[in-house]
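See below for the structure under consideration.
The values are calculated or read from the model by the stated rules, or taken from the named source; none is laboratory data. Keep in mind it's a predicted model, so treat the numbers as computed, not measured. Note that we place each Cβ from the backbone using ideal geometry, even for glycine, and neighbour counts take in every protein chain shown. The protein model used for the area step is the full one, side chains on, heavy atoms only, and it has no ligands, DNA or RNA in it. Shrake-Rupley method; radii C 1.70, N 1.55, O 1.52, S 1.80 Å.
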Amino acid sequence: MIGIENIIFLIVAAVGIGLFVWQIRKIRKNVLLGRDTDLVDNPSERINKTLLVAFGQQKMFKRMLPAVLHLFVYVGFLVINIEVLEIMIDGIFGTHRVLGFMGPIYSGLMAINEVLAALVIIACAIFLWRRNVSRVPRLANGVEMRAWPKMDANVILITEIVLMFALFAFNIADLKLAELRGHELPGSFPVSQLFVNAFGADAGTLATVAGVGWWIHIIGILAFMNYLPSSKHFHIIMAFPNVYFSKLLPKGKFTTNPAITHEIKAMLVPSYQPPAPEVDAAGNPVVQRFGAKDVEDLTWKQLMDSYTCTECGRCTSVCPANITGKLLSPRKIIMDTRDRMEEKGEHPAIFRPNHYKEMGVERVATTEEKTLLRGYITPEELWACTTCNACVESCPVNIDQLSTIMDLRRYLVLEESAAPASLNAMFTNIENNGAPWAFPASDRFNWADELYVPSKN
Amino acid sequence: MEENKRLIKVPTMAQLAANGEEPEILFWVGCAGAFDDRYKRVTRAFVQILEHVGVKYAVLGTEESCTGDPAKRAGNEFLFQMQALTNIEVLNAYNVKKIVTACPHCFNTIKNEYPDLGGNYEVIHHSTFLQQLINEGKVHVQGGEAFKGKRITYHDSCYLGRANDIYEAPRDVLAALDADLVEMKRSRANGLCCGAGGAQMFKEAEPGRKEINIERTEEALATLGDGEGVIATACPFCMVMMNDGVKNKEQEQNVKVFDIAELIAQAEGLSK
């Protein structure tokens, strides 16, 4: 029967979902600040990769303990959504456990649900411990791990625990009520069964507990959904498209800028006709920077990377520069890109990058410039990179940190000629002698002098 | 023993072209292979192997020029493309089809980045090439120095490993030595960079606690344990960095750094 409660529920759900859609549109707009790039080739390989890396969590298993704990939370999230669906239907139509008609399947689902919910609580508790007590270095340290990222992670974990407890409160009270009324509750509840007497045997209290548990769970989920776009937890959505659009080429292949090719060919071959320059809607030629100074110089995929980052720090923990105490942290590059993008574009409901920018920036001598380069990321960080691809390899959601580092470097060199002096010397050597060292090109074949091999008889 | 060895006259593409011939492979020497005193020995060892097995090969000699890799990784796309387009012109003029190189940076650049600029070749790293020679029975890995029981640890080059997923070929080559191969904790896809990639070879490191090559050398030395051992590399920059690391740790009496081609040449008795 549809009553006032159902109407309130409908309004709450509509507001929650509406707000989420509004936020997603902002995110989409931000990502589309980026340059266009063509990543639609080879859909079968992309789907394969998505199944393995995103759905299958393949790269998580490079580290066993967090992978298993994360798997509990991930599978818990997927399965518990079935109960959320039921809650939605119950909420709208005033039904009670509407999916109960499925009989043994429903029982099985609810039982799995309960076990997973308990595992989620355990996993989240261990995650909280790792962040705040044992302080796993990659989670606790780093210049980019300022107040917001640390708080954000704890908010997520505590919310997840509260949501699971609300679910249990609802199930326990529901179970006891059915017992008191002497009828069978559809479903099977192995965990709640253990605590069936937790809220006493007063029908009135139990009905309140069930109601409160139910409402906390559903409002919690709607609030959580709207918190996502402000949070590193957004990866639960973005991981899938980000892996789908990830680089299929060998990691060693860096992008080639065709505009430069045309320029050089025109220089080498006077008769060469470069294609007409791109024009914008008004017919003015599009002036494109070489490399990236700010977020609009990066591609939409590089911007999507920054929405996908869950700040786990695996990239930074394997970065040879970071390991040896250099300023570079690949995670910071990605987090800075996100902050700058939201400063320049739009920000989601809760997180406002400027509010948190000041909190605890040590050793990174950024300037007041309103650009990603220098305003967030300094040349010192960029020049520490060995382009070894360890960060890219380590990322569980296929973020390409190196491509962003390289585009920023290119801007420094091509637009500002701001390479370190030793690298400028290397460039000069290549230009003059065809080698990065100052040896005359005419000596290039000297290695072959006086070379012998044992003769075969 | 003079009569038992013969002088190698390394053929160039220009000489072959003058005779209307084409080699089976072009050996791309690379700048380190041509100029770095230590790495020249690797180039020479590899040529000895090529001569020994009788592959029809040639080099570009003084016509070779930097692939542009260090410029590209340093962000100088303009200089990179300048080098690439010039090299591609030379390679295409000689109708080159198949290139073998001992340098993972040259390998990666020619294989992955030249095709966009009109240079399409079959590019093989010398680790894969040596693996093929061993598999085909052309190199027997005997007649020279015995490596049985010697401890060897292989250091993955980033531009061979993660960049191009070549992890097994150099290990298979080393396995043919019948030595005691030991793996560092950070190996294959999780290998730690030597510190020279991304044009770091040509600049001072940024301020930090430690040099990357020291971090890596310490790991290699700990893996090899006490006594004699070999750090095997397959990249000229890795070789420089690991050599410097071993010297820094004053272990050069015990631990030698060799390229896999040198080890094969030694085992085959080519480098007397």
Let's see if you can work this out: charge +1 on each Lys and Arg Cβ, -1 on each Asp and Glu Cβ, no other charges. What is the dipole magnitude of chain B about its Cα centre, in debye to the nearest 20? 200
Among A:42, B:201, A:88, the residue whose Cα sits farthest towards the positive end of the charge dipole of the protein assembly as shown (+1 at Cβ of Lys and Arg, -1 at Cβ of Asp and Glu, taken about the Cα centre) is A:88
What is the extension gain from residue A:4 to residue A:450, computed as 0.36 nm multiplied by their sequence separation minus the C-alpha to C-alpha distance, in nm to one decimal? 150.8 nm
What lysines could a cross-link reach from residue B:185, if we take a straight Cα to Cα line under 17 Å and drop same-chain neighbours fewer than 8 places away? A:62
Restrict the search to segment B:143-190; then list the chymotrypsin sites (Phe, Trp or Tyr not before Pro) that DSSP places in a loop and that have at most 13 other Cβ atoms within 10 Å of their Cβ. none
On a full-extension model of 0.36 nm per residue, what is the gain between residue A:425 and residue A:125, subtracting their alpha-carbon distance, rounded to one decimal in nm? 102.6 nm
Accessible area per residue, 1.4 Å probe, Å², for chain B: what's the number? 37
Go through A:251/B:72; A:247/A:301; A:251/B:40; A:49/A:247; B:40/B:203 and tell me which ones have a Cα-Cα distance over 20 Å in this structure. A:251/B:40; B:40/B:203
From Cα coordinates alone, what are the radius of gyration and Dmax values for segment B:64-222 in angstrom? 17.8, 49
Compute the distance in nm between two label points, each set 7 Å from the Cα along the Cα-to-Cβ direction, one at residue A:281 and one at residue A:201. 7.2
Those GluC sites (Glu not before Pro) from segment B:159-252 that are DSSP loop and have at most 14 other Cβ neighbours within 10 Å turn out to be B:183, B:204, B:228, B:250, B:252
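What is the sum of charges around residue B:23, taking Lys and Arg as +1, Asp and Glu as -1, for the other residues whose C-beta is under 15 Å from the C-beta of residue B:23?
Summing Lys/Arg as +1 and Asp/Glu as -1 gives -3.
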Per residue, how large is the accessible surface of chain A? Use a 1.4 angstrom probe and give square angstrom. 45
Taking all protein chains as present, what is the carbon and sulfur share of the accessible area of chain A, in % to the nearest whole number, probe 1.4 Å? 65
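Can you pull the Rg over Rh of segment B:140-267, Cα-only, Kirkwood?
Rg divided by Rh gives 0.96.
Using a cut-off of 14 Å between beta-carbons, work out the net charge of the residues near residue A:164 (Lys and Arg +1, Asp and Glu -1, residue A:164 not included).
-3
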Give the B-A buried accessible area in Å², both sides summed, 1.4 Å probe, nearest 100. 6400
Taking the square root of 5λ for each eigenvalue of the C-alpha gyration tensor of segment A:182-323, the equivalent ellipsoid has semi-axes, largest first and in whole angstrom, of 59, 19, 14
Where nothing but the Cβ of Lys and Arg (+1) and of Asp and Glu (-1) is charged, how large is the charge dipole of segment A:146-304 around its Cα centre, in debye to the nearest 20? 620
Taking Cα pairs closer than 8 Å and at least 6 residues apart, the relative contact order of segment A:5-141 in percent is 26
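Over chain A, what is the mean sequence separation of C-alpha contacts under 8 Å (at least six apart), divided by residue count, expressed as relative contact order in percent?
Relative contact order for chain A comes out at 20 percent.
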Antiparallel as a % of all DSSP beta bridges within the protein assembly as shown, to the nearest 5? 15
Relative contact order in percent for segment B:2-131 (Cα pairs under 8 Å, 6+ apart) equals 26
Can you give the charge dipole size of segment B:2-131 about its Cα centre, rounded to the nearest 20 debye, using +1 on the beta carbon of Lys and Arg and -1 on the beta carbon of Asp and Glu? 340
Based on alpha-carbon positions alone, could you give the equivalent ellipsoid semi-axes of segment B:203-258 from the gyration tensor, as √(5λ), descending, whole Å? 19, 13, 9
Quick check: residue separation of residue A:14 and residue A:151 times 0.36 nm, minus the Cα distance between them. What number comes out in nm? 46.5 nm
In short, segment A:320-349 residues buried by 40 Å² or more of accessible area relative to the isolated chain (1.4 Å probe) are A:320, A:323, A:324, A:326
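Can you divide the C-alpha Rg of segment B:2-131 by 2.2 N^0.38 Å and report the result to two decimal places? Don't jump to the answer; show the numbers that get you there.
On the way: Rg = 14.7 Å, N = 130, 2.2 N^0.38 = 14.0 Å.
My calculation over the Cα atoms of segment B:2-131 gives 1.05.
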With every protein chain in place, chain B: carbon and sulfur % of accessible area (1.4 Å): 46
Between the alpha carbon centres of segment A:194-261 and segment A:27-103 the gap in Å comes to 8
Using DSSP to define loop residues, name the trypsin sites (Lys or Arg not before Pro) in segment B:111-209 whose beta-carbon has at most 12 other beta-carbon atoms within 10 Å. B:148, B:185, B:209
In vacuum, with every alpha carbon of segment A:124-256 counted as one equal point scatterer, what does the Debye formula give for log10 I(q)/I(0) at q = 0.15, 0.17 Å⁻¹? Two decimals, please. -0.89, -0.99
Checking rank on B:71-80, B:240-249, A:52-61, B:18-27, with mean other Cβ inside 10 Å and highest first, the result is B:71-80, B:240-249, A:52-61, B:18-27
For the protein assembly as shown, report the translational diffusion coefficient in µm²/s to the nearest whole number, using Stokes-Einstein at 37 °C, 0.692 mPa s, and a Kirkwood Rh over Cα pairs. 114
Can you give me the distance in nm between label points at residue B:132 and residue A:265, each placed 7 Å from the Cα along the Cα-to-Cβ direction? 3.1
